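Quick note: the coordinates plus some simple rules give every number you see, no bench work behind them. Here the structure is a predicted model, which is why all the values come from computation and not from measurement. Ideal geometry is used to build each Cβ from the backbone, glycine not excepted, and the neighbour counts take in all protein chains shown.
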Amino acid sequence: MRIEMSSCLVDIMNNGMEPDISSLAALISEPARGRMLIALLDGRGLPATELAQRAGITCQTASSHLAKLAEGRLLQVIPQGRHRYYRIANARVAELLESMARFAPIKETGRSEPKSPIQIARTCYNHLAGSLGVRIADAIVGRGLLREVGRDYQLTKKGAQWFSEFGIDTDALRKSGRVFARQCLDWSERRNHLAGALGSALAEHVFERGWIERVRESRAVRITDLGRRELKRQLGVACDN
């Protein structure tokens, strides 16, 4: 199997250096810190007291953990008056955590809670994820527009026509140099959503048509009334939550 590395990583290794992955892993591996990072995955800023509750630890212990995460450049500290709020440092950290969550086992919490906005619908890199992303992928496969082949999706003749009518030039996407249509395991649903160039183009068009809207300072997206109607009409996707 051939593994392609980014040019930045190649330059680092060519200069006789190597990334200290173990120190990053140790920073995230502490369970309380992991729970706080997951709580912040939707992009919001939360105070130490709330993060302590989410992690099941004291405020003093939480402050110590948060300081280490900020020192490790995983979190950003936002002072507001006498209060301090913590949020994921940047999109790259969010993408790292999202990638790790796909491989992590799911723990039973013993609680039955409604899905959070980020579990219902969010952006994953530049495609749609969460319950919405999975439902759309299921509908597209179920209607014979794509078929699952290995780790990818294969466009059918019927699918090429549908995407063309939707305003997506699939021939141009194939020439973009990116993976065309990839199955991406959704960490919150544990099922696949559509990634790759086709997934990105689909997300872009759904935004442009006003079916979904971005939520300020979050990767969560909101499904509009128009989106609920059109997703039901065109793909049979019901968005009740």
Original post:
Tell me, ILE88, ILE223 in order of fewest to most beta-carbon neighbours within 10 Å?
Top reply: ILE223, ILE88
Original post:
log10 I(q)/I(0), Debye, Cα-only the chain, no solvent, q = 0.08, 0.09 Å⁻¹?
Top reply: -0.37, -0.47
Original post:
For the chain, the longest stretch holding no GluC sites (Glu not before Pro) located in a DSSP loop with at most 11 other Cβ atoms within 10 Å is which?
Top reply: 109-216
**OP:** Starting at the first residue of the range 65-70, write each ³J(HN,Hα) from the Karplus equation 6.51 cos²θ - 1.76 cosθ + 1.60 with θ = phi - 60°, in whole Hz, x for Gly and Pro.
**Re:** 5, 5, 4, 5, 5, 5
**OP:** Run down the lysines and flag those whose C-alpha is under 27 Å from the C-alpha of LYS232, throwing out any fewer than 8 positions away in its chain.
**Re:** LYS115, LYS157, LYS158
**OP:** Any chance you could check the Cα centroid distance between the range 182-241 and the range 33-91 for me, in angstrom?
**Re:** 28
**OP:** May I have the pair-distance distribution P(r) for the range 117-235, computed from all Cα-Cα distances with 5 Å bins from 0 and rounded to whole percent?
**Re:** 2, 12, 23, 27, 21, 11, 3, 0
Original post:
With axes computed from alpha carbons, what is the tilt in degrees of helix 157-166 against the longest principal axis of the chain, rounded to the nearest 10 within 0 to 90?
Top reply: 70
**OP:** Please list the non-local residues whose amide H lies under 5 Å from the amide H of ASP152, H modeled 1.01 Å from N, same-chain partners needing a gap of 5 or more.
**Re:** GLN183
Original post:
Roughly what angle does helix 91-103 make with the longest principal axis of the chain, taking Cα atoms, 0 to 90 degrees, to the nearest 10?
Top reply: 80
Subject >> Which of HIS65, HIS83 has the fewest Cβ neighbours within 10 Å, and the rest in rising order >> reply: HIS83, HIS65
Original post:
Label ARG82 and LYS232 with points 7 Å out from Cα along Cα→Cβ: what is the distance between them in nm?
Top reply: 4.9
Original post:
So which trypsin sites (Lys or Arg not before Pro) in the range 142-241 are both in a DSSP loop and have at most 16 other Cβ atoms within 10 Å of their Cβ?
Top reply: ARG143, ARG151, LYS175, ARG178, ARG190, ARG191, ARG209, ARG216
**OP:** Could you please rank THR123, THR170, placing first whichever residue has the fewest other Cβ atoms within 10 Å of its Cβ?
**Re:** THR170, THR123
